[in-house]
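The values are calculated or read from the model by the stated rules, or taken from the named source; none is laboratory data. In this text the structure is predicted, and so the values were computed from the model without any measurement. We place every Cβ from the backbone using ideal geometry, glycine too, and count neighbours over all the protein chains shown.
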Amino acid sequence: MLSDPRKSPPRAVIRTVERIRDVLPSLHRRLVPGHFALLEMVAAGWLSQAIHAAAVLDIAGALADGPRDGADLARAVGADEDALHRLLRLLAGHGIFARRRDGRYALTPLAQALRADAPVSLRDAVLFYGSAEHRDRWTHLVDAVRTGRPTVHADTFFARIRGDRALGELFERAMVSIDGLGQEPLLAAHDFTRYGTIVDIGGGRGALLSAILRRAPDCRGVLFDLPEVVADAPEWMPEARPGGRCTVVAGSFFDSAPVGADAYLLKHILHDWPAERAVHILRTVRAAMSPEARLLLIELVLPGHIRPHPGNYIDLEMLVHTGGRERTESEYRALLADAGFTLVSCTPTVSPENILEAVPAP
Ligand SMILES: C[S@@+](CC[C@H](N)C(=O)[O-])C[C@H]1O[C@@H](n2cnc3c(N)ncnc32)[C@H](O)[C@@H]1O
């Protein structure tokens, strides 16, 4: 276990660990009868729900100061002691929380990530992905597979989360939470100090832009997102306060983008949208760019192989939620060409994210 979860080990180490992680389950699947292996995968949905319950109860927060016995912990999180024990028995079997010899419950490295104050906290992501709203969308997967279309499209999805303040807040915090996983690898894979001004298009709460500005002290930032999203930006983004290095611009990327920056960053934007809408966004950005400016797409580029890959999950997530999709490098190249860009590089990072760098085509 790394002492600081924000620091990434070298790429070769990560790839070796991933390879082992792919091989072991495939060995397990071959050794046990198919119906057992399949049932275990079905039960993974219940495990996910159990993790969500632990996040809602904030069990990790209640254990932050040290181990507690069942009665004390149940009191602290407002739960029934026996039911809490049953929940923790399942989770501890998967390394999320531990039950010590003296019967007291304690945090494990996995449970630490459920703490709201962890250096890389997944709590908000767990709260969003386990929410009734999110789960309900997934029940429509079969319809989406039948028709090739989601029951809601990206416009409706974003309008829905904007129309419900609590849900919108949760979504934005979930994005910040997920962002924390890939930040260090992105900063290590690309030299952001070479730009004078970077615009983060659809930058949400600006978590990545803040990290870039801290890494590139001479750089200025522009955070661009829908008005409802960036209205309170100075509250959660110190660089957006008076005298800071970040300007906040409200607008829609279907209408306009801030002009004159050296780099235009779009992280997890194009995957939300079907091809023609994605091209529309790219054309809007291109119209704002000078010929020398760079476009940086950060996406989970799908690999050519069919081994497990996080992009395959998010691809279905996009199918049910927005009508968007994950894409291969050649699909991104084609999309970019349609919008008047030339893809110059696709750089992998130690996380599953890739940085696609493009320039306006002459
Ligand atoms: C999947 S989130 C990604 C947020 C951020 N880039 C990140 O990676 O954490 C998509 C973002 O696009 C923004 N968005 C959706 N429709 C938009 C529009 N028409 N114009 C500008 N931003 C929009 C959303 O508010 C949201 O912040």
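Tabulated data for the structure shown
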read-out	value
Pair list, Cβ under 8 Å, 6 or more apart: segment 314-338 residue assigned by TED's automatic domain parsing to the domain that holds Pro348, other residue aromatic (Phe, Trp, Tyr) and buried (at least 22 other Cβ atoms within 10 Å of the Cβ)	Thr322/Trp273; Gly323/Trp273; Gly324/Trp273
Residue within segment 98-108 that is modelled with pLDDT of 95 or more and either under 29 Å from Arg205 (Cβ atoms) or not assigned by TED's automatic domain parsing to the domain that holds Ala60 (or both) present	yes
Segment 249-288, subset assigned to a strand (DSSP E or B) and more than 9 Å from the ligand (Cβ to nearest atom), residue farthest from Gly196 (Cα to Cα)	Val249
The lone exception for Ile178 - which of (1) more than 12 Å from the ligand (Cβ to nearest atom); (2) closer than 30 Å to Trp46 by Cβ; (3) not in a loop (DSSP other than H, G, I, E, B) it fails	(1)
Leu213 within 16 Å of the ligand (Cβ to nearest atom), part of a helix (DSSP H, G or I) and more than 19 Å from the chain's Cα centre (by Cα)	yes
Candidates Leu110, Leu63, Leu88, Leu84 - the one that is touching a Gly at 6+ places or on another chain (Cβ under 7 Å) and farther than 30 Å from His321 by Cβ	Leu84
Count of segment 80-129 residues which are under 12 Å from Ile59 (Cβ atoms), buried (at least 20 other Cβ atoms within 10 Å of the Cβ) and small (Gly, Ala, Ser)	1
Criterion violated by Asp315 - all others in (1) over 25 Å from Asp22 (Cβ atoms); (2) modelled with pLDDT of 95 or more satisfied	(1)
Qualifying residue in segment 111-131 (condition: assigned by TED's automatic domain parsing to the domain that holds Asp225, within 16 Å of the ligand (Cβ to nearest atom) and of a type in the set (Val, Ile, Thr))	no
So Asp65, is it among the acidic types (Asp, Glu), modelled with pLDDT of 95 or more and under 30 Å from the mean Cα position of the chain (by Cα)	yes
Among (1) under 20 Å from Gly324 (Cβ atoms); (2) surrounded by fewer than 17 Cβ atoms within 10 Å (Cβ to Cβ); (3) within 15 Å of the ligand (Cβ to nearest atom) - the single one Arg137 does not satisfy	(2)
Top-ranked residue in segment 182-210 [being within 11 Å of the ligand (Cβ to nearest atom) and free of Cβ contacts under 8 Å to residues at least 40 places away in the same chain; ranked as farthest from Val301 (Cα to Cα)]	Arg205
Cβ pairs under 9 Å, 6+ apart, first in segment 146-172 and acidic (Asp, Glu), second modelled with pLDDT under 85 and near the ligand (Cβ under 9 Å from one of its atoms)	Glu172/Ile161
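Every residue, every condition in (1) assigned to a helix (DSSP H, G or I); (2) at pLDDT below 95; (3) buried (at least 17 other Cβ atoms within 10 Å of the Cβ), yes or no:
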residue: Arg21; (1), (2), (3): yes, yes, no
residue: Ala37; (1), (2), (3): yes, yes, no
residue: Met41; (1), (2), (3): yes, yes, no
residue: Ser48; (1), (2), (3): yes, no, no
residue: Ile51; (1), (2), (3): yes, no, yes
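Residue-by-condition table, conditions (1) surrounded by 22 or more Cβ atoms within 10 Å (Cβ to Cβ); (2) farther than 16 Å from Ile355 by Cβ; (3) touching a Cys at 6+ places or on another chain (Cβ under 7 Å):
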site: Arg173; (1), (2), (3): no, yes, no
site: Ala189; (1), (2), (3): no, no, no
site: Ile198; (1), (2), (3): yes, no, yes
site: Ala211; (1), (2), (3): no, no, no
site: Gly244; (1), (2), (3): no, yes, no
